[in-house]
Amino acid sequence: MQKHYSFRLKPLAAATSAALLVGFGTGAVRAADNLPDMGSSGGQDWRVDTFYENDTRHRKDTGLSKFRNTIQVEADKDFGGNGTFSSIKLRTKFRGTYDGVYKLNDDEYGKNAGGAVTIENISGPLLPPLPTNAGTPLNLANVPHGGGINNPIATALGLPPDNNFGFNLVTNPNSGLKVLGSDLHKTKGGVAFGVPQAPCDYDSRGCIKDYMDANSHELASPEFNDRLDFIREAFVVAKMPMADGRSWNFQLGKQQVVWGRTDLFRVLDVINPVDYSRNNIYDELQDIRIPMWIFTAEYRMGATETFDDTNIQLVWNFDKFRPNNLGQGGTPNQILGAGDFFRGMKNLWDNGGTVANFALASPTFGVATDFGPNQIGIRKAHMPEWSLANTQVGIKWEGVYQGTGFSLNALTFRSQLPSLRNLYSKGVPNVNPFTSSGPFLLAPGQTAQIYPYNIAFDIYFPRVNLIGGSMDMQLDSIKSSLRLETALTKGEEFANTAKPGLYSESKVWRYVIGLDRPTFIPFLNETRAFLLSGQIFGQHLLDHEEYRGPWGKYGMPDHEHNHIATFLMKGWYQNDRVSPQIIMAHDFEAGSSVAAPSLEWLFSDNLKITVGANYKFGDGAQKWNDARDGNPFPPFSGGQNGRPGTVQGMAGLTGYEPLGRFRAGPIGMANKEDEVFVTVRYKF
């Protein structure tokens, strides 16, 4: 994902130094003013705005969760025109941040994060005192990491416990870990395992090469990497007039291209990936979209006999592929808790580990099991290399008809969300960990096989095609504006425990309906209207699969139909210098909600102070089929409660981890992350 530069600078100094190097400083701007204008119509001086922001956040259970300092500089210049172009403009925006939370709260998010963990073993009290790598008898309800059953054959033969029958506690020690999902729920009979927590330069376990492998410097100052993310914008806008009054507008450089008309939800607005590690879903999209190197050409046709205005935009995202940043294991912000899950699974593949309640699993029975390396987990991420075939192309037709704005959109792109395809689906063989003579050694007469339903995966980013449209109109009868947006995609992949490969493809229909209305509320403010804005987001998986087995439901954990509703109320006082607002959201299927009140105070024309909070409530974590009961290694991984031990395929055994996160959604999975915050922003 990100590679640290060979030189080292203190993070805040790096932000300032980079700003000066690219011409942020006053001297550099004045020098640029001496450049000759690029057109007969003349240009303008540089317009430069510089901002400093501190965002400090605190959570009840973990303490300080953010101490982010940001310097942002916006520098624009109009160069005028020449014989071909009537206008040429340069737009730049540079941002450098340093988040001190990794130093100030390093017990939670830095080098000292994590500790020793115990893994649930619900069948422990029923078992004889069996030996383990950790030296703790297995007949306990909770065993330490490394204390699961190693190898049934070896144990039955009374062989001494050693690292041939599980994993090496020297390379994967019981330290610097937390139990997957433990900050949100207890294991309660399901699957769980240890997840390394420290940044990758302090603990390399579970770090996924080129995807989730950031070190402490990259986490604290994410813009300073080999993708030059400190350049938030750097693009040229050129207008080329046509003889008939029409024109071409070209835009080339690092930029955000925004499709759609709604806030918060990404229906058509999928050209740029999003950085959810910055503040989960609670920052504005303009601050968390990841700028890409893009070329756009817009043909503006103006009014026609039918339309009040119309234009066509071509978009070519020629940058190397970037996925959404979902957060990394051990960091404060991970949408859906994905960072911890991915890191824990990668650690299982590389180093082995103890998995709660895995062997002989049933609703009432399950034995904590030690796996060796290269048996279960995430093997690697297949990051698309740059090629013309991996670039993204889109077209948008936009216009106005009798006062109603509309667009029709089409885009082909790589999914910015990962898909986990198990090794069975790719034809990669595994050694059965329950019958091997060690992690890499076959028992007599045994051969490596391809095991369906096995929880061993590679990460892919499939190609997706999208068609959709949007519309906005004024509803004068109710003094409101209506916003509509919809899209249909083909090619997205979802977890699916009903399939031997544990994933399947589904077409997805999404839409947003938004309504905005300025409304007077006399008992709150008699002289100034409040802005009321409501939205409802719908998602429908058109190829959804869900079945009921003897122990519960299995199939796709994502809901077949789901809706999320949001509501914004914003007011103004003191000549618009004081602005209270509240944003609320409710995920209907997850049964989870969030309320985010805040108060903005424009202390002066240069200083703005914002205080606020976000509070989550509702059901929180949810259970779903956790794939143990697929019985990939019969009869050891299934066969209780009368179910034949040789039967492969899901019976519906459920746990919170790992797939319940898709049912809980981003709000439910952040149920224990209530925050209060203070943000100070100063314009120089």
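Structure above, values below:
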| read-out | value |
| --- | --- |
| One residue from TYR98, TYR102 being at pLDDT 95 or above, touching a Ser or Thr at 6+ places or on another chain (Cβ under 6 Å) and outside any strand (DSSP E or B) | TYR102 |
| Looking only at segment 476-502, and only at residues there that are among the hydroxyl-bearing types (Ser, Thr, Tyr) and surrounded by 20 or more Cβ atoms within 10 Å (Cβ to Cβ), the one that is farthest from the chain's Cα centre (by Cα) | THR497 |
| Hits in segment 554-571 (condition: in a strand (DSSP E or B) and either surrounded by fewer than 19 Cβ atoms within 10 Å (Cβ to Cβ) or out of contact with any Ser or Thr (no Cβ under 7 Å at 6 or more places or on another chain) (or both)) | HIS561, ASN562, HIS563, ILE564, ALA565, THR566, PHE567, MET569, LYS570 |
| Hits in segment 309-365 - residues which are over 29 Å from ASP275 (Cβ atoms) and free of Cβ contacts under 8 Å to residues at least 60 places away in the same chain | none |
| Any hit, segment 632-645, residues being closer than 21 Å to LYS186 by Cβ and either part of a helix (DSSP H, G or I) or modelled with pLDDT under 95 (or both) | no |
| Search result, residues across segment 456-478 that are out of contact with any Ser or Thr (no Cβ under 8 Å at 6 or more places or on another chain) and basic (Lys, Arg) | none |
| Any hit, segment 345-360, residues being part of a loop (DSSP other than H, G, I, E, B) and either buried (at least 17 other Cβ atoms within 10 Å of the Cβ) or modelled with pLDDT of 95 or more (or both) | yes |
| Candidate set: segment 137-163, residues that are crowded, with 17+ Cβ neighbours inside 10 Å and β-branched (Val, Ile, Thr); chosen: the one modelled with the highest pLDDT | VAL143 |
| Counted residues, segment 589-632 - those being loosely packed, with under 15 Cβ neighbours inside 10 Å and among the β-branched types (Val, Ile, Thr) | 2 |
| Residue satisfying condition, being surrounded by fewer than 17 Cβ atoms within 10 Å (Cβ to Cβ) and not aliphatic (A, V, I, L, M), within set PHE530, PHE537, PHE520 | PHE520 |
| Matching strands (runs of 3 or more DSSP E) fully within segment 233-321 where at least 2 residues are farther than 20 Å from SER407 by Cβ and not assigned by TED's automatic domain parsing to the domain that holds GLU675 | 247-255, 292-300 |
| Subset of segment 302-327 that is touching a Ser or Thr at 6+ places or on another chain (Cβ under 7 Å) and polar (S, T, N, Q) - its residue that is surrounded by the fewest Cβ atoms within 10 Å (Cβ to Cβ) | THR304 |
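The values are calculated or read from the model by the stated rules, or taken from the named source; none is laboratory data. Predicted model only: the values in this text are computed from it and were never measured. Cβ sites come from the backbone with ideal geometry, for glycine too, and all protein chains shown count toward neighbours.
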